[in-house]
Structures are given as structure tokens and as C-alpha cells.
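Read the figures in this text as sums done on the coordinates, not as results from a lab. Keep in mind that what you see is a predicted model, and the values were worked out from it rather than measured. Virtual Cβ from ideal backbone geometry, glycine too; neighbours counted across all protein chains shown.
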Amino acid sequence: MKAMILAAGEGRRMRPLTLSKPKPLLPVAGKPLIEYHLQRLQQAGFRELVVNHAWLGEQLVSFLADSRREGLKISLSAETQALETAGGICKALPLLADAGESFVVVNGDVFTNYPFTQLRPLPAGKLAHLILVENPAHNPQGDFNLSAGMLNDNSGPRYTFSGISVLSPQLFAGLNAGEPAALGPLLRRAIAAGQVSGEYFDGFWTDVGTPQRLAEVEQMVLENRIDGV
């Protein structure tokens, strides 16, 4: 499988840090956020990655050009307007989906020690597989219920979507490349049709969406409190 790192967001919640630097390049213990994903995905056996970019994208392009590593091919998907998550993935599909094969997507602004080696191609009939985590303070109600390995909108405990998933290109059928589109409605439609599986991850995960959370993660990394990163 190939993998995509979503790195095109403007990072408004991170201002003023993102006024002059794209969020994926903000440092954690001296290393850009995106570098943690690049290293761990390569260590997990991924050899072809796609990274989308928009806000201050020339800095990201320059960083990725300077940080090329043996055995890893990185393709870039430039966005000239805000395409949202599904729109950005749809635009990148020609780089991602060989012969309709499923692919991994990782939000560039999450920090986690999730073992990417666990991710597998989707079986026939499935459009997505989502990694779920405990609900953080900024999303106390959660996103989805998980029952017998399948996602649903039923009552009961709900967990938060981590931003790590395996997706089928068929999930994006009907979207026009280059047009903005949100991922949530596509997932909920597929969930209603019984086409989305999931798993619960109880390791380290956080959405590095604010300067405070960025500082907290950095402190944990400096103190060696996060295994595997």
C-alpha cells in the first residue's frame, strides 16, 4: 500500500506559529512534526508516500526535497485552494490508488505511536477502516460507536477518529478532482451501508492543534515519555 500525509491545512488554531511556517514543519524536540510520520511510516515498510500542501507549501516542498532518504519515494500534491480533507485526497488519487488499491491516510497534525505495521489493505466490500482513540477534552462526545469491529452511529460509547485510516478510492466516487469536499459525510454514508470497519487504539495519541498541545508533546518527547517515537 501507499500512504498519504495530509499537510495542506492553514493551521489557524496554531497562530501565530503558523503565520510564517506551515504546521507540518513546526518543531517537536528539534524535529518537524511531519518528520516523525515520515520516519515511522518508512520503518513500518511503506515505500511510497504522497504529501499534499497548500499554505506556505513552498517551504514544505523545499524541506521534503532536502530530506530525501534512500528507499522512500515522496510524491507531492499541490493545492491552490482549500479543498478540505476529501477534496485533497480525491485530487491526489492518481498518485495514490494503483489499480483501485486501498491506501493509508494520516493527518499531519496528530502525534502518535500507533504501530503503522498493523494497517492492512481493505477486504472486498469495505470502503474504510478507521483507527479510534479515547475522546480528548476538545471532542468529549466522540465521533463513532464501535461494535464487533464495525463503526456505526448507534447509541453507546463513542470514540474519536484518530486521523489514521485505510481508505478505498471507491469512497470518493462521484467527487470531482479539484473541488472542495469534506470527509465526514462520505464516511457516514459508508458507515450507514455497513462498509466501514474500525479498531480501538489505547496507546499515545494527540491532536497537535494548538501551541499549548504542541508544547506538551514536546515536553513528553524530551522526557522520553512516549514509546516508539
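At a glance:
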| read-out | value |
| --- | --- |
| Cα-centred dipole magnitude for the stretch 163-229, charges only on beta-carbon of K, R (+1) and D, E (-1), debye, nearest 20 | 360 debye |
| Dipole in debye (nearest 20) - the stretch 1-152, about Cα centre, beta carbon charges: Lys, Arg +1; Asp, Glu -1 | 200 debye |
| Fully extended contour minus Cα-Cα distance, from Gln212 to Ala192, at 0.36 nm per residue | 3.6 nm |
| Of Ala7, Leu146, Ala92, farthest towards positive along the dipole that unit charges on Lys, Arg, Asp, Glu beta carbons give the chain | Ala92 |
| The chain: Lys pairs at Cα distance under 27 angstrom, eight or more positions apart or on different chains | 15 |
| Dipole-positive endmost among Val133, Pro115, Ala177 within the chain (Cβ charges, Cα centre) | Ala177 |
| Bridge type composition, the chain - antiparallel percent by DSSP, nearest 5 | 55 percent |
| Value of [θ]222 nm, deg cm²/dmol, for the chain, DSSP H segments ≥ 4, -39500 (n - 2.57) each, nearest 500 | -7500 deg cm²/dmol |
